Amino acid sequence: MSDMANEKTVLQGHDPDMDVEHHLHMYQQMARIRAFEEKVNELYTGALMPGLAHLYTGEEAIAVGVCEALQLGDYITSTHRGHGHCLAKGASVDRMFAELLGKEAGYCRGKGGSMHIADIETGNLGANAIVGGSVGIATGAALSAKRLGNGRIAVCFFGEGALGQGLIYEAMNMASLWNLPVIYVCENNQYNEYTHYSETIAGQITARPQAFGIHTETVDGQDIRAVYETMNRLVERVRGGGGPAFLLCDTYRYHGHHVGDIDRVYYRSKEEEQHWMTNRDPLKMLSGWLIDQGLADQIIFDQIEAEAKDEIIAGAEFAINAPYPDPSEVDQHVYAE
Ligand SMILES: Cc1ncc(C[n+]2csc(CCOP(=O)(O)OP(=O)(O)O)c2C)c(N)n1
């Protein structure tokens, strides 16, 4: 954020305990994710991106609120809808776009694509196209952290669709028995592909982790202040040896299941989409609150969004102009050693 933007931030007479700069930083992170995803959609519709992508637009408050409560060395695992998680944990826009476009500069030298981005330097153990697949990886990372005594924790992001996978219950059972430092973050964006979650999930979602004795909380996933505050408490508890936790976040994806899912009225109404975008948008909710409190004005948010767009345009340009990997390395870097 520019100095000029920072100066505009702090309006007179605000509560000195309120960390306005941090709220603006969180807004900026959400704006970067939103701009990134909009550019991905543009690249896809412009036939510049191979494969598909599952956009995170609308769910930004969860990735940012959660990752802001973590340290760099803490682990995350992600999903097929993972761009927001990667960026919130610190991935660079340039290398993300390069990966999406299959370029050598990408996080997996262009061989992983949208659904397999991993960034070990920022503790990101990887996205995973297998629904529920990263639950075992996050739980294993928590086991290693506990055995090494390095104080790290692991966060596992997954959609509510993963609640239909048996693996998650085996992993939660172990995590509880072994008191592992792991937080399961369930992003309930209401739909598993084209089916409302009420048609796939019996009973209360929270009853499932509770059955394993796992501490469970529910939060409004559109309210980044609530996500961040709740995560801070959970992180403290888990890092302090309190055992695993489960955070259920209610949210909504603005786009289709993937970029090609354009005609959606057969499974959800335009009115429903409009309701979330108008009344439950995470960026608007945060900016509206800061403005209402007299802590910031609209100019700063416009400025942050413009800066985010510039960064995204530059990152996409970098990737478009970057070279593909040499064909001779097609069978290299494909398996972990
Ligand atoms: C094991 C497995 N089964 C099915 C699929 C196909 N699939 C991809 S995404 C998806 C729905 C996932 O829904 P959810 O976990 O709620 O995540 P969301 O897409 O809503 O973010 C399915 C069934 C898959 N990738 N992996």
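The values are calculated or read from the model by the stated rules, or taken from the named source; none is laboratory data. None of these values were measured; they are calculated from a predicted model. Methodologically, a virtual Cβ is constructed for each residue, glycine included, from the backbone with ideal geometry; neighbour enumeration extends over all protein chains shown. Ligands, DNA and RNA are excluded from the accessible area calculation, which covers all protein heavy atoms including side chains. Shrake-Rupley method; radii C 1.70, N 1.55, O 1.52, S 1.80 Å.
Which condition number does ILE205 fail, the rest of (1) open to solvent by less than 30 Å² (accessible area, probe 1.4 Å); (2) near the ligand (Cβ under 9 Å from one of its atoms); (3) over 17 Å from the mean Cα position of the chain (by Cα); (4) not small (Gly, Ala, Ser) being met?
Result: ILE205 fails condition (2) only.
Residues of region 114-132 being more than 16 Å from the ligand (Cβ to nearest atom), of a type outside the set (Asp, Glu) and part of a helix (DSSP H, G or I), which ones?
Selection gives ILE120, THR122.
Say whether the condition of being within 16 Å of the ligand (Cβ to nearest atom), of a type outside the set (Phe, Trp, Tyr), crowded, with 18+ Cβ neighbours inside 10 Å and under 23 Å from the mean Cα position of the chain (by Cα) is met by at least one residue in region 281-293.
yes
Just name the residue that is nearest to ALA63 (Cα to Cα) out of those in region 152-202 that are under 21 Å from the mean Cα position of the chain (by Cα), open to solvent by 50 Å² or more (accessible area, probe 1.4 Å) and of a type in the set (Phe, Trp, Tyr).
So the residue we want is TYR197.
Can you tell me how many residues within region 133-151 are open to solvent by 20 Å² or more (accessible area, probe 1.4 Å), away from the ligand (no atom under 16 Å from the Cβ) and of a type in the set (A, V, I, L, M)?
Final tally of qualifying residues: 2.
Is one or more of the residues making up region 13-21 assigned to a helix (DSSP H, G or I) and modelled with pLDDT of 50 or more?
Looking through region 13-21, at least one residue is assigned to a helix (DSSP H, G or I) and modelled with pLDDT of 50 or more.
Restricting the first residue to region 27-52 and requiring it to be among the polar types (S, T, N, Q), which pairs with a second residue that is surrounded by fewer than 20 Cβ atoms within 10 Å (Cβ to Cβ) and not in a helix (DSSP H, G or I) meet a Cβ separation below 8 Å and a spacing of at least six or different chains?
The qualifying pairs are GLN28/MET1; GLN29/GLU68.
Residue by residue through region 155-174, note down the ones that are in contact with a Leu (Cβ under 8 Å, 6 or more places away or on another chain) and either assigned to a strand (DSSP E or B) or among the small types (Gly, Ala, Ser) (or both).
Correct list: VAL155 only.
Which of the residues that make up region 56-69 are buried (at least 24 other Cβ atoms within 10 Å of the Cβ) and either charged (D, E, K, R) or on the phi < 0 side of the Ramachandran plot (or both)?
Matches in region 56-69: TYR56, GLU59, GLU60, ALA61, ILE62, ALA63, VAL64, GLY65, VAL66, CYS67.
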